[in-house]
Amino acid sequence: VQLQASGGGLVQPGGSLRLSCAASGRTFSSYAVGWFRQAPGKEREFVAAISRSGRSETHADSAKGRFTISRDNAKNTVVLQMNSLNVEDTAVYYCAAISDYDLVYESARYDYWGQGTLVTVSS
């Protein structure tokens, strides 16, 4: 499966962004999807993940209450809605897909990665 992340940009603190991860292939529903981010000088970190069916999801503590992950298997799309953004959320955001397992936190276990989309939170 090929993944294309989009929706990043420049936003002021307190603002919102909606990231999308579009997947190619007819078996998208066979893959769980995760969002990760990497800030300059820092390691890549888990943000959120959603199960293959879309019925289960999990979010990092830093994202809980502010970010929401969802998916539409009919449209081969996973969305990360980000609200109440702050400067610490500035990073390149990546979507990734994994087969056979749901809600995986470890980035090394994911099979496919999108190219990343830059989110900059600044006044």
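The values are calculated or read from the model by the stated rules, or taken from the named source; none is laboratory data. Bear in mind that the values here come from a model prediction, so they are computed numbers and not experimental data. Every residue, glycine as well, gets a Cβ built from its backbone with ideal geometry; the counts of neighbours run over all protein chains shown. Keep in mind that these areas ignore ligands, DNA and RNA; they rest on the heavy atoms of the full protein, side chains included. Shrake-Rupley method; radii C 1.70, N 1.55, O 1.52, S 1.80 Å.
Values as computed for the structure displayed
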read-out: Some residue of the range 85-94 being part of a strand (DSSP E or B), modelled with pLDDT of 95 or more, aliphatic (A, V, I, L, M) and open to solvent by less than 70 Å² (accessible area, probe 1.4 Å); value: yes
read-out: Test for Arg37: is it under 13 Å from the mean Cα position of the chain (by Cα) and either part of a loop (DSSP other than H, G, I, E, B) or in contact (Cβ under 8 Å) with a residue 60 or more places away in the chain (or both); value: yes
read-out: Residue match in the range 113-121 (condition: farther than 16 Å from Arg37 by Cβ and assigned to a strand (DSSP E or B)); value: no
read-out: Failed item in (1) under 18 Å from Tyr110 (Cα atoms); (2) of a type outside the set (A, V, I, L, M, F, W, C); (3) touching a helix residue (DSSP H, G or I) at 6+ places or on another chain (Cβ under 9 Å); (4) in contact (Cβ under 8 Å) with a residue 24 or more places away in the chain, with Ser24 passing the rest; value: (3)
read-out: Conditions (1) of a type outside the set (Phe, Trp, Tyr); (2) modelled with pLDDT of 95 or more; (3) farther than 24 Å from Ser123 by Cα; number of the one not met by Gln81; value: (3)
read-out: Looking only at the range 46-84, and only at residues there that are under 16 Å from Gly116 (Cα atoms) and in contact with a Phe, Trp or Tyr (Cβ under 6 Å, 6 or more places away or on another chain), the one that is most open to solvent (accessible area, probe 1.4 Å); value: Phe46
read-out: Within the range 40-67, considering residues that are aliphatic (A, V, I, L, M) and touching a residue at least 24 places away in the same chain (Cβ under 8 Å), the one farthest from Ser122 (Cα to Cα); value: Ile50
read-out: Residues satisfying the stated conditions in the range 97-123, i.e. in contact with a helix residue (DSSP H, G or I) (Cβ under 7 Å, 6 or more places away or on another chain) and open to solvent by less than 40 Å² (accessible area, probe 1.4 Å); value: Ile98, Ser99, Val119, Val121
read-out: Residue tally, condition within 15 Å of Ala60 (Cα to Cα) and open to solvent by less than 30 Å² (accessible area, probe 1.4 Å), over the range 25-45; value: 5
read-out: The range 68-82 - residue that is of a type outside the set (D, E, K, R) and free of Cβ contacts under 8 Å to residues at least 24 places away in the same chain and, of those, farthest from Ser24 (Cα to Cα); value: Thr68
